[in-house]
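Engineer: Here you go, one structure.
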Amino acid sequence: MIVSKFGGSSVADADQIKKVRAILEGDERRRIAIVSAPGKRNKDDDKITDLLYKCNSLVQKGLTCRPVFNEISKRFIQIAQKLKIDDVRLSERLDDIRCMIDAGRGADYAASRGEYLSALIISEYLGWEFLDAEEAIVINQDSTVNDSTYRRLADKLDPEKRYVIPGFYGETEQGVIKTFTRGGSDITGSIVARAVGAELYENWTDVSGIYRADPRVVADAAVNTELSYKEVRELSDVGATVFHEEAIAPIYGIGIPIVVKNTNRPEDPGTRIVPESNDFGATAVSSVKGFSRIRIRKLMLFKKYGVRHALLTMLHVFGIRPSYSLFGIDSIVWFFDSKMASDSVCQAMCERLKKEFELDSIEVDHGHAIVGVVGDGMSSSDAYLESVIALKESGIDTTFVNYGASDTSVLFGVKEEQADDAVRAIYGRLF
Ligand code: ASP
C-alpha cells in the first residue's frame, strides 16, 4: 500500500484537486491520502491556515473573526462548487466553525479546520472514506506523537477501503484538538505510513524533489535523486522547507522509503528518501537566517563549569534557547533564533548576567545566518575543505564553524546579508 500526502499547493483550488484525483487513480496501491489545507494559488494569495490563525488573533483581541472568515468560506465554497460537491453540508459546517472560533476555542482548533474541511471535500469528491485525525492521532503536550496512535489507526483503517485523512492535527490524551508545528501534515503522513506498514510514503508538493540548493538562490540548482533520512533531517534544520524535519521520526527505525514528487509534473522522478544512502559526500547546501549571537567573556570561565551551566539556565529564564554553542577558555558564544527575544529582553538579560556572574563583558548582536553543507560521510569527504575555500575566495568571513558534531553536516555562521552569496559560492565549488 502507498500513503500519499498532498501539500497546500496541491489542494489550493479545484483544478489542483483534479490533478490529485488523477494521481491517486493512477495506481491501485494508493489507498490513503493525507491532505493539507488549501495553500496559495499564486504568490500574493493567502494560505487558509494563515487566515485561520488570523481569525483566532482577532478573537483574542476581542474582535470578531467574521470578515476574515468570510474569505475562508468563499474559498471552500468555490472549491466545492467547482468540484460539484453538495453533500457535505458545507455552509452549515462553516457557520459552526466560525461560531466556535468566535467563542474562543483557540489557535489549534482554528488552524486545524483548514485540513478538516479540505479532507472532507476531497473525500467526497473521490468517493473515499473520511477519517477525522481527531479520532485516531494522539499528540503529546510537547507536540510529539503518542504511541497509542499507531494502534488506534490500525484499528480504524479497514484495508479493503480507501481513506482521506486531514493532516496537521490530532487530539491530546484529554481530547482537546492539537496541531503539530507548521507544515505538520508531513508528520501525519509518516505516522499513517507507519501504522499501515506502507511500502512507500509519497509526499506530493509543487517542486520536483529536494534541490541541492534553494532554486531561488541558485537558479540552475539540480534535484537530488536520493537522500538519506539523516540528510533530510539536517537539511530541513538549515532552512530547506520541502519536508518537515520531524516527519522522519515516526518511520526512522521502520525504514519506509519516501518520495517527494511534484503534483504539477507527476512524471518527474522526484527525490527518494531512504534510511541509508549509498552516496557519500555533499548532497546539498542551504541556509537559515534570523540568528542573534551572545558573546560572553570572563577570565577562567572554562574552569567554572557551574557558572557555564548557571548562565545557560539564566538564558532559559529569559526565553532564550541557544541552537549553537562555542566554548573558549575565557569565553562563550551562543547563537539563538532572534525571534526568541526582543531588544529590551536582550538588554535586561545582559544587565542581569553581567552583574550576577561578574562577567568581564557580554554583548548581543543580530543579523547572523547559518549555512549548512549536508551529506553523509562528511568527515571522509573533501566537502568541508572545499566549502572553506569557496567562502574564502568569495571574501565571506565565518563567525563559527561546526564540524564533527554530526557526520552528515558542516555548519558555518556568516553575516545574514552574505548568506545567499555563501550558498552560491559553495554550490559552485561542490556541484
Ligand atoms: N496547513 C498547515 C500549514 O500551513 C500544515 C501543512 O500544510 O502541513 O502549516
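Engineer: Looking only at region 203-228, count every residue that is acidic (Asp, Glu) and surrounded by 24 or more Cβ atoms within 10 Å (Cβ to Cβ) and tell me the total.
Structural biologist: Result for region 203-228: 0.
Engineer: Right, something else. Among (1) outside any strand (DSSP E or B); (2) within 16 Å of the ligand (Cβ to nearest atom); (3) in contact with an Asp or Glu (Cβ under 9 Å, 6 or more places away or on another chain), where does Lys43 come up short?
Structural biologist: (3)
Engineer: Hey, among the residues in region 161-183 that are over 23 Å from the mean Cα position of the chain (by Cα) and of a type in the set (Lys, Arg), which one's nearest to Ile17 (Cα to Cα)?
Structural biologist: Step by step, filter region 161-183, then rank; the result is Arg162.
Engineer: Follow-up question, since we're still on this one. So, in region 21-40, of the ones that are over 13 Å from Arg75 (Cβ atoms) and within 14 Å of the ligand (Cβ to nearest atom), which residue ends up surrounded by the fewest Cβ atoms within 10 Å (Cβ to Cβ)?
Structural biologist: Among those residues, the one meeting the criterion is Ala33.
Engineer: Conditions first: (1) away from the ligand (no atom under 16 Å from the Cβ); (2) surrounded by 16 or more Cβ atoms within 10 Å (Cβ to Cβ). Asp13 passes all but one, so which condition is the exception?
Structural biologist: Answer for Asp13: the failing condition is (1).
Engineer: For region 195-211: of the residues being farther than 17 Å from Arg152 by Cα and in a loop (DSSP other than H, G, I, E, B), which is nearest to the ligand (Cβ to nearest atom)?
Structural biologist: Filtering first and then ranking leaves Asp206.
Engineer: Can you go through Gly183, Gly197, Gly189, Gly239 and tell me which one is surrounded by fewer than 21 Cβ atoms within 10 Å (Cβ to Cβ) and over 23 Å from Val410 (Cα atoms)?
Structural biologist: Result: Gly197 is the single residue among Gly183, Gly197, Gly189, Gly239 that is surrounded by fewer than 21 Cβ atoms within 10 Å (Cβ to Cβ) and over 23 Å from Val410 (Cα atoms).
Engineer: Report yes if some residue within region 86-95 is among the small types (Gly, Ala, Ser) and over 30 Å from Ala247 (Cα atoms); otherwise report no.
Structural biologist: Yes.
Engineer: Restricting attention to region 46-78, which residues are touching a Leu at 6+ places or on another chain (Cβ under 7 Å) and outside any loop (DSSP other than H, G, I, E, B)?
Structural biologist: Val68, Glu71, Ile72, Ser73, Phe76, Ile77
Engineer: Taking only pairs six or more apart or across chains, which ones have beta-carbon atoms under 7 Å, a first residue in region 166-181 that is more than 9 Å from the ligand (Cβ to nearest atom), and a second residue that is basic (Lys, Arg) and at pLDDT 95 or above?
Structural biologist: From residues that are more than 9 Å from the ligand (Cβ to nearest atom), the pairs are Gly170/Lys178; Glu171/Lys178; Thr172/Lys178.
Engineer: Can you pull out every residue in region 168-187 that is more than 14 Å from Asp132 (Cα to Cα) and among the aliphatic types (A, V, I, L, M)?
Structural biologist: Ile187
Engineer: Still on this structure, I have one more. Among the residues of region 265-283, which ones are buried (at least 21 other Cβ atoms within 10 Å of the Cβ) and either on the phi > 0 side of the Ramachandran plot or in contact with a Phe, Trp or Tyr (Cβ under 7 Å, 6 or more places away or on another chain) (or both)?
Structural biologist: Gly270, Ile273
Engineer: Let me ask you something else. Here is a check on your reading of the model: is Arg66 over 20 Å from Asp206 (Cα atoms), among the charged types (D, E, K, R) and touching a residue at least 12 places away in the same chain (Cβ under 8 Å)?
Structural biologist: Yes; evaluated as a whole, the condition is true for this residue.
Engineer: Kindly indicate which of Phe327, Phe335, Phe318, Phe291 is free of Cβ contacts under 8 Å to residues at least 60 places away in the same chain and either of a type in the set (A, V, I, L, M) or surrounded by 15 or more Cβ atoms within 10 Å (Cβ to Cβ) (or both).
Structural biologist: Answer to the selection: Phe318.
Engineer: Have a look at Leu94, Leu51 and point out the one that is modelled with pLDDT of 95 or more, surrounded by fewer than 24 Cβ atoms within 10 Å (Cβ to Cβ), of a type in the set (A, V, I, L, M) and within 16 Å of the ligand (Cβ to nearest atom).
Structural biologist: Values: Leu94 fails: within 16 Å of the ligand (Cβ to nearest atom).
Sole residue among the options that is modelled with pLDDT of 95 or more, surrounded by fewer than 24 Cβ atoms within 10 Å (Cβ to Cβ), of a type in the set (A, V, I, L, M) and within 16 Å of the ligand (Cβ to nearest atom): Leu51.
Engineer: Scan region 117-137 for residues that are more than 12 Å from Tyr163 (Cα to Cα) and crowded, with 23+ Cβ neighbours inside 10 Å and report the count.
Structural biologist: Looking only at that region, the number is 5.
The values are calculated or read from the model by the stated rules, or taken from the named source; none is laboratory data. Just so we're clear, the structure is a prediction, and the values are computed from it rather than from any experiment. Positions of Cβ are backbone-derived with ideal geometry, glycine not excepted, and every protein chain shown enters the neighbour counts.
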